[in-house]
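Asks: This is the structure I have questions about; it appears just below.
The values are calculated or read from the model by the stated rules, or taken from the named source; none is laboratory data. All values reported here derive from a predicted model rather than from experimental measurement. Please note: Cβ atoms are built from the backbone with ideal geometry, for glycine as well, and neighbour counts cover all protein chains shown. The area values use the complete protein model at the heavy-atom level, side chains included, leaving out ligands, DNA and RNA. Shrake-Rupley method; radii C 1.70, N 1.55, O 1.52, S 1.80 Å.
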Amino acid sequence: MFRLLMYLVPLALTIFAFIDCLNTPEDEARHLPKIAWVFIILLFWIVGPIAWLAAGRARTAPAGGRTPSEWHRNHRSQYVAPDDNPEFLKSLAEENKRDEALLKDWEADLRRREEELRRKERGEDAQGS
């Protein structure tokens, strides 16, 4: 069992450091270019991942929120409820005006068609009598 752990722990550490290195933005890799860190992690099984975790990456929160969770964390305070958002309320008012205009057009068309049907009925009744 101990022999198995001697291989699994460095392998897990290497995989973790490799994925962490790939997900790190280029400007956050310290001391060496990111591609050099990838080669160091893959070529030097135990020393490479430990070096990456200790010195390869700046361990501060990225500026500007690079990950979606950080973006959401930084922008939650800017959320405005729809009933407090003037732009949303303005868009609702404009949509209501368009809908009312469309409804008036439909009503006018319906009245016109009803009138045409009445005229046809009167014309047929007048001819039939």
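Asks: Please find the FRET efficiency linking Leu22 to Asp99, where r is the Cβ-Cβ separation and R0 is fixed at 41 Å, and quote it to the nearest 0.05.
Replies: On the way: r = 51 Å, r/R0 = 1.24.
It comes out at approximately 0.20.
Asks: Just by accessible area at a 1.4 angstrom probe, what is the order of Val80, Val38 from largest to smallest?
Replies: Details: Val80 70, Val38 20 Å².
Result of the area sort, largest leading: Val80, Val38.
Asks: Right, here's the next one. Which value, in Å² and to the nearest 10, is the accessible area of Ile40 when all protein chains are kept and the probe is 1.4 Å?
Replies: That residue has around 40 Å² of solvent-accessible surface.
Asks: According to a simple spin-label model (label point 7 Å from Cα along Cα-to-Cβ), what is the distance in nm between Trp106 and Val47?
Replies: Rounded to a tenth, the inter-label distance reads 7.7 nm.
Asks: Compute the Cα gyration tensor for region 13-61, then decide on rounded, prolate or oblate, letting a ≥ b ≥ c be the square roots of its eigenvalues: rounded whenever a/c is under 1.5, prolate when a/b is larger than b/c in the other cases, and oblate in all that remain.
Replies: prolate
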